[in-house]
1. Can you pull out the GluC sites (Glu not before Pro) in the range 4-56 whose DSSP state is coil and whose Cβ has at most 11 other Cβ atoms within 10 Å?
2. From the helices alone, meaning DSSP H stretches of at least four residues, give me the mean residue ellipticity at 222 nm for the chain, per-run term -39500 (n - 2.57), in deg cm²/dmol to the nearest 500.
3. For Q40 and E20, compute 0.36 nm times the residue count separating them, minus their Cα-Cα distance, and round to one decimal in nm.
4. Sort out the exposed loop trypsin sites (Lys or Arg not before Pro) in the chain (DSSP loop, at most 15 other Cβ within 10 Å) and tell me the longest stretch that has none.
5. Over every pair of different alpha-carbon atoms in the chain, take the mean of 1/r and invert it; report that Kirkwood radius in Å.
6. Report the net charge of residues surrounding L31, where surrounding means a beta-carbon distance below 12 angstrom and charges are Lys +1, Arg +1, Asp -1, Glu -1.
7. List the residues whose amide H sits under 5 Å from the amide H of N67, counting only those 5 or more places along or on another chain, with H placed 1.01 Å from N in the peptide plane.
8. Just how large is the dipole of the chain about the Cα centre, in debye to the nearest 20, putting +1 at every Lys and Arg Cβ and -1 at every Asp and Glu Cβ?
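A short reminder: the numbers here are calculations on the coordinates, not readings from a lab. Fair warning: this is a prediction, and the values are worked out from it, not measured in the lab. Glycine also receives a Cβ, built like all others from the backbone with ideal geometry; neighbour counts cover every protein chain displayed.
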Amino acid sequence: MQRSFNPIYFLWTWTADSYEWDSEKAHKAALKERNRQAKQARLEGKKVKNWTLKNQIVSKGGPGTKNAHIQLYVNIYGFDAE
């Protein structure tokens, strides 16, 4: 099993002409959720290896949405469990 936690999906709100997002709080929330789920996997007897992909470019919005295309750099947190 592999899980990843992208900060862009935490605490994001589209506004009328842009967006609201606190990168620092979103990164902390994504890391906290990764750690919570990794801990649960360990309690279930799984061997867990945490990982981080640093400075990944991600995007939101764009064609097919009502929002502008936005690209941001984020750290993506995750874990592998066996």
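1. Passing both the DSSP loop test and the Cβ count: E44.
2. -9000 deg cm²/dmol
3. Working: separation 20, 0.36 × 20 = 7.20 nm, distance 3.10 nm.
Between Q40 and E20, full extension yields an extra 4.1 nm.
4. Numbers: sites that count: K46, K47, K66.
By the stated rule (loop sites, at most 15 other Cβ atoms within 10 Å), 1-45.
5. Numbers: mean 1/r = 0.0724 Å⁻¹.
Evaluated over the chain, this radius sits at 13.8 Å.
6. Residues near L31 contribute +3 overall.
7. Here the answer is G62, since their amide H atoms fall under 5 Å of that of N67.
8. With Lys and Arg at +1 and Asp and Glu at -1, about 420 debye.
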